[in-house]
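What follows is one structure encoded as structure tokens, with my remarks underneath.
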Amino acid sequence: MTRRERIMAASRKGRVDRLPFLHCWRHSQIGWAERECRNRGMGISWARPCYIMKMHNVDSTEEQVVSTGEVVVRRTYSTPMGSVYLDEKREPGVGQWHAQRSWKDVMPWQKKRLIQEPEDYEVVKYMVDNTEYIPDYFPIEQAKEWLGEDGVVMSWIPKTPMALLMIEWIGSEEGRFYIHHARYRDKVEGLYEAMSKSLEPLYEIAARSPADIIWIPENLEGYLVNPRLFEKYFMPEYEKCARVLHKHGKLLAVHMDGRLGVLKDLIAKSPIDIIEALHPPPVGDLPISEALSIWKDKVIWVGYPGAVYTLGPEAVKKHALDLLRSVVPGDRLVIEMSTENLVSNENLLMLTSILENVELPLTEEKIDRIERSLS
Amino acid sequence: MAEEKYLVALKEAILNLDYGAVVKAAKEAMGAGVDPLRAVTDGMAPGMSIIGEKFETGEYYLAELVVAGDVMREGMKVINPYIKEEGSKTRKKMVIATVEGDMHDIGKSIVATLLIARGFEVVDLGVDVPAARIIDVVNEHKPAILGLSALLTVTMPKMGEVIAALRAAGLRKKVKVIIGGPSVSAKFAEGIGADHSSTNAVEGVEKCKDWVKEGG
Ligand code: B12
């Protein structure tokens, strides 16, 4: 099987000859170690947008300003209803590195959020109501042609409405999202509904895109999103999206790398196909074996935890072998080398030297053999 | 006791996460001449404390904890003008911040809210706070404890920089330092010269309580 076939077969819960493992394009180093690992079976996953977005009657400008003693980039959106702005802080390296990250892998972060005052909701709702999504499949076609059988290209679509409000537009710092949700419930929900409606055509666009997997960079996490919020605002959106995708035979992948224990039963009931970036303990709170047993109809793309990488290759070896022992026979699994931190060459090589030999179905004896081959 | 009914109303308002009710109860209590400090420590704080306990046992989520804290702040706005200076000095102070470069604040804010529920006065500086600002605030507020939070491996060393700056400013001996976050350890704390490290808010808050008890 090719790397692409392996990843896709596992993602569709089919038979696979070896455990698929991959590096996310935007977190991957480039160079001899990465090339060597790819030659030894590591695939690539690449998320690209399937659309362009136009906001009608909305002007946006960017300028550098000093705000509370710091240089930030202020983006202002002006609409007939008034204007809103956000302030972004950028570390050295941002914009000079792929995926807009700093040299230390940190994205620009917002010091002031788009929605600050209750009046801002109306302006932002206007922006949402006047947003148009237009199909643009070139980025996906191009990446598919480039990658060929080396990996998979996914269609990237935005976070679902409440996740976007929580993490980006209102923000969660100082509990702001919860406070807005308690104080201005009607405004929050009104905007949520407008966003949900505005995304409907995009689900159709994504479903018709030339990618087999549609990926949402959701950052779902059980501390911020409690079961009540999940049921009320997240589940319906996943259902709506998946309904459209499934009609076209496409898979829904949702990025969730935090602690998911409190949400595990609800996630089980959701129509999500791929739990992307599930982190085993110590970063997450759900062992992969438990996740596989409670999410019987789902495929797990495991995010290999950065916390283990910081301990060096020997720790990586031990953790990876333990992980394999916990998931025998290894169905419905894909391993992602990392979804956050940049991985050192020596850690990448160590993990590859284990994963390149994982023939499925996995048995205890096979894992013992891999362990012996390493010592 | 006549004061009792006002205190109960304040507590109930917190428990019900009711902004309107807390303002009403606080105004009525102040109008009736209830001791403002009692309105906080025997009225709203016990409500917060129950919410804190429910959060710790998993019955309540972060949402309730945060909103209860916000409802209490709303009540404080009414009560604060009645609190005389000496009164506020008797409460134990804590300054808390997420260090520079790091914008994760959920853990830090939980700690801050639980401390408020335990009767601390908390100065929360928010996220991405440079060492120099922390030093200024410690100088100004003279807290018993400084709490620092960092979640990223690249920002953890900043906690050490803050402690070095405290030392340079001659403040280190005047304030206990507790650090927190999922990757901190006793060894790391020792290395940077912190007094305690905690990967768990409840344990960290207990430590803070012990410290102020010891200190009298
Ligand atoms: C939510 C989250 C975010 C949110 C933050 C929202 C917010 N308002 O805080 C958002 C999406 C914005 C975010 C951004 C980023 N994140 Co983030 N994030 C998380 C996530 C999923 C959960 C963190 C959390 O809040 N946990 C819940 C709280 C309650 O737990 P806690 O913080 O550990 O706090 C507890 C204890 O540690 C302790 N505690 C904490 N502080 C203190 C302080 C004191 C004084 C005391 C006593 C105790 C204490 O008490 C708390 C309660 O028990 C974690 C994954 C994870 N599972 O941890 C990643 C994680 C922390 N993030 C990570 C990364 C890499 C990032 C980014 C750099 C991503 C990027 N490439 O840009 C950016 C950082 C930007 C920046 N400059 O900071 C990595 C860090 C890896 C590393 N070791 O360095 C993690 C581990 C994810 C991963 N899969 O690897 N993130």
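Matching residues to (1) within 16 Å of the ligand (Cβ to nearest atom); (2) in contact with a helix residue (DSSP H, G or I) (Cβ under 8 Å, 6 or more places away or on another chain):
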site	(1), (2)
A:Glu88	yes, no
A:Val94	yes, yes
A:Arg101	yes, yes
A:Ile115	yes, yes
A:Gly148	no, yes
A:Met154	no, no
A:Ile157	no, yes
*Could you check how many residues of segment A:95-116 are assigned to a loop (DSSP other than H, G, I, E, B) and in contact with a strand residue (DSSP E or B) (Cβ under 9 Å, 6 or more places away or on another chain)?*
5
*asked:* Any residue at all in segment A:60-68 that's in a loop (DSSP other than H, G, I, E, B), within 14 Å of another protein chain (Cβ to nearest Cβ) and over 26 Å from A:Tyr203 (Cα atoms)?
replied: yes
*Got a number for residues in segment A:162-176 being within 11 Å of chain B (Cβ to nearest Cβ) and over 18 Å from A:Glu237 (Cα atoms)?*
6
*Scope segment A:177-193; condition within 14 Å of chain B (Cβ to nearest Cβ) and either open to solvent by 70 Å² or more (accessible area, probe 1.4 Å) or in a loop (DSSP other than H, G, I, E, B) (or both); matching residues*: A:Arg183, A:Tyr184, A:Arg185
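Just the residues that are of a type outside the set (Asp, Glu) and open to solvent by 70 Å² or more (accessible area, probe 1.4 Å), please, taken from segment A:326-356.
Within segment A:326-356, the first condition is being of a type outside the set (Asp, Glu), and the residues that meet it are A:326-330, A:332-335, A:337-339, A:341-345, A:347-355.
Passing the criteria: only A:Leu342.
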*For residues that are in a loop (DSSP other than H, G, I, E, B) and touching a helix residue (DSSP H, G or I) at 6+ places or on another chain (Cβ under 8 Å), scanning just segment A:198-219, find the one that is nearest to the other protein chains (Cβ to nearest Cβ).*
A:Asn219
*Residue ID - nearest to the ligand (Cβ to nearest atom), chosen from residues in segment B:163-185 that are open to solvent by less than 40 Å² (accessible area, probe 1.4 Å) and within 14 Å of chain A (Cβ to nearest Cβ)*: B:Gly181
*asked:* Given (1) assigned to a helix (DSSP H, G or I); (2) at pLDDT below 95, identify the lone condition not met by A:Gly222.
replied: (1)
*Which residue pairs have Cβ atoms closer than 6 Å, lie 6 or more positions apart in sequence or on different chains, and pair a first residue in segment A:105-116 that is assigned by TED's automatic domain parsing to the domain that holds A:Arg90 with a second residue that is open to solvent by less than 20 Å² (accessible area, probe 1.4 Å) and among the basic types (Lys, Arg)?*
A:Met107/A:Arg101
_Contact list please: Cβ distance under 6 Å, first residue in segment A:349-375 and over 23 Å from A:Trp301 (Cβ atoms), second residue at pLDDT 95 or above, pairs at least six apart or on different chains._
A:Glu371/A:Leu321
*Considering only residues that are touching a residue at least 40 places away in the same chain (Cβ under 8 Å) and surrounded by fewer than 23 Cβ atoms within 10 Å (Cβ to Cβ), look in segment A:261-284 and name the one that is farthest from the ligand (Cβ to nearest atom).*
A:Asp273
*Any idea how many residues of segment B:25-45 are surrounded by fewer than 23 Cβ atoms within 10 Å (Cβ to Cβ) and touching a residue at least 12 places away in the same chain (Cβ under 8 Å)?*
11
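Of the residues B:Leu17, B:Leu65, only one is outside the structural domain of B:Lys108 (by TED's automatic domain parsing), touching a residue at least 40 places away in the same chain (Cβ under 8 Å) and not in a helix (DSSP H, G or I); which?
B:Leu17
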*Scan segment B:78-116 residue by residue and report those that are open to solvent by 20 Å² or more (accessible area, probe 1.4 Å), more than 14 Å from chain A (Cβ to nearest Cβ) and at pLDDT 85 or above.*
B:Val78, B:Pro81, B:Tyr82, B:Lys92, B:Lys93
*asked:* Condition (residue is over 18 Å from A:Leu251 (Cβ atoms) and open to solvent by 50 Å² or more (accessible area, probe 1.4 Å)) applied to segment A:292-301: is it met by at least one residue?
replied: yes
*Can you name the condition, by its number, that B:Leu166 falls short on among (1) at pLDDT below 90; (2) in contact with a Leu (Cβ under 9 Å, 6 or more places away or on another chain)?*
(1)
_Close pairs (6 angstrom Cβ cut-off, 6 or more residues apart or separate chains): among the β-branched types (Val, Ile, Thr) in segment B:101-120, more than 6 Å from the ligand (Cβ to nearest atom) anywhere_ = B:Thr113/B:Leu65; B:Thr113/B:Gly69; B:Ile116/B:Val122
*Unmet criterion (only one of (1) farther than 21 Å from A:Val188 by Cβ; (2) not in a strand (DSSP E or B)) for A:His23*: (2)
_Search result, residues across segment A:274-303 that are within 15 Å of the chain's Cα centre (by Cα) and farther than 15 Å from A:Glu340 by Cα_ = A:Ile274, A:Ile275, A:Val299, A:Ile300
*Determine whether B:Val67 is within 18 Å of B:Ile14 (Cβ to Cβ), touching an Asp or Glu at 6+ places or on another chain (Cβ under 9 Å), of a type in the set (A, V, I, L, M) and within 14 Å of another protein chain (Cβ to nearest Cβ).*
no
*asked:* Whether any residue in segment B:148-158 is surrounded by fewer than 17 Cβ atoms within 10 Å (Cβ to Cβ), aliphatic (A, V, I, L, M) and assigned to a loop (DSSP other than H, G, I, E, B) is what I want to check.
replied: yes
*asked:* Quick check on this structure: which one of A:Lys112, A:Lys125 is under 24 Å from A:Asp186 (Cα atoms), surrounded by 14 or more Cβ atoms within 10 Å (Cβ to Cβ) and within 14 Å of another protein chain (Cβ to nearest Cβ)?
replied: A:Lys112
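The values are calculated or read from the model by the stated rules, or taken from the named source; none is laboratory data. A quick note: this is a predicted structure, and the numbers were derived from the prediction, not measured. Note that we place each Cβ from the backbone using ideal geometry, even for glycine, and neighbour counts take in every protein chain shown. Just so you know, the surface numbers come from the protein's heavy atoms only, side chains and all, with ligands and any DNA or RNA stripped out. Shrake-Rupley method; radii C 1.70, N 1.55, O 1.52, S 1.80 Å.
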